[in-house]
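Throughout, read-outs are computed from the coordinates displayed, never taken from laboratory work. Being a predicted model, the structure only gives us computed values, none of them experimental. Here the Cβ positions follow ideal geometry from the backbone for every residue, glycine too, while neighbour counts run over all protein chains shown.
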Amino acid sequence: MRDYIRLSGVLFIVCAIAAVLLGFTNEVTFEKIAAQIEKANNEARQIVLPASDEFTKLDETKLAEIKANPDYSIVRDVYEAKTGGSLSGYTVMVAPKGYGGAIEMIVGVDANGTVQGIKIGTNNETPGLGKNAEKPAFSDQYKNKTWDSQISVIKSGTPKENEISAIAGSTITSKAVTEGVNKAMAVAKDLLSK
């Protein structure tokens, strides 16, 4: 019994030290990780709206209004893009649900309602299938699509103006990315019409 109590005490001390060290490590690395994520997001914004030279996060009041709309539940953040001081569009971060969970992506929509690009970030899609959404062969299909009509996914054939070809074997991922682009275009349209 005495050994059991002594062993429990030692185990408690080891766990307490480990918890303190983990907390300290988290505290030290938290800001560095956040800075790296912000840097990657800034680079993605520049990729999806390359003509823009300034990006400003939408103020919290406007962002809260957008997120309050149930249709925009996948919207994470919105940045206003400017070129030479004039509004040139919006970058919208969305996280639609794919096969492996949320697909975090940034969509660039110019002031004319045209998608200039998408950048897919964090996702848990299947390697060799859904992960192919990150490749330009798939993601470039969204360039120059406009908010005049919803984009839809086709499994075979030649896509029409408002369609994209699904990734073979990854229709769920293709539809999720398309949902994200459609929502991003709708958000940009709402903001530009105010």
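What to note about this one:
- Neighbour counts of C-beta atoms inside 10 Å place K32, K67 in the sequence K32, K67, starting with the fewest.
- Note on the chain: with a GNM built from Cα contacts shorter than 10 Å, the maximum mean-square fluctuation among I13, I33, I66 falls on I13.
- Rounded tilt (10° steps) of 2-48 against the dominant C-alpha axis of the chain: 20 degrees
- For GluC sites (Glu not before Pro), the sites in segment 119-194 that DSSP calls loop and that have at most 11 other Cβ atoms within 10 Å are E161.
- Per principal axis, descending, Cα span of segment 1-80 in whole Å: 71, 29, 18
- Theoretical FRET efficiency, 1/(1+(r/R0)^6), r = Cβ-Cβ of D3 and N26, R0 30 Å, to 0.05: 0.30
- Fewest-first ranking of M185, M93, using other Cβ atoms within 10 Å as the exposure measure: M93, M185
- Relative to its residue count, the chain spans a Cα convex hull of 171 Å³ per residue.
- Cβ-to-Cβ counts within 10 Å put S170, S165, S193 in ascending order as S193, S165, S170, the fewest first.
- The chain, relative contact order [Cα under 8 Å, separation at least 6], %: 16 percent
- P(r) weight above 16 Å for segment 150-190, C-alpha pairs, percent: 35 percent
- Per-residue ellipticity at 222 nm computed for the chain from its helices equals -14500 deg cm²/dmol, with DSSP H segments shorter than 4 residues left out and the rest contributing -39,500 (n - 2.57).
- A straight line joining the Cα centroids of segment 34-90 and segment 130-152 runs 19 Å.
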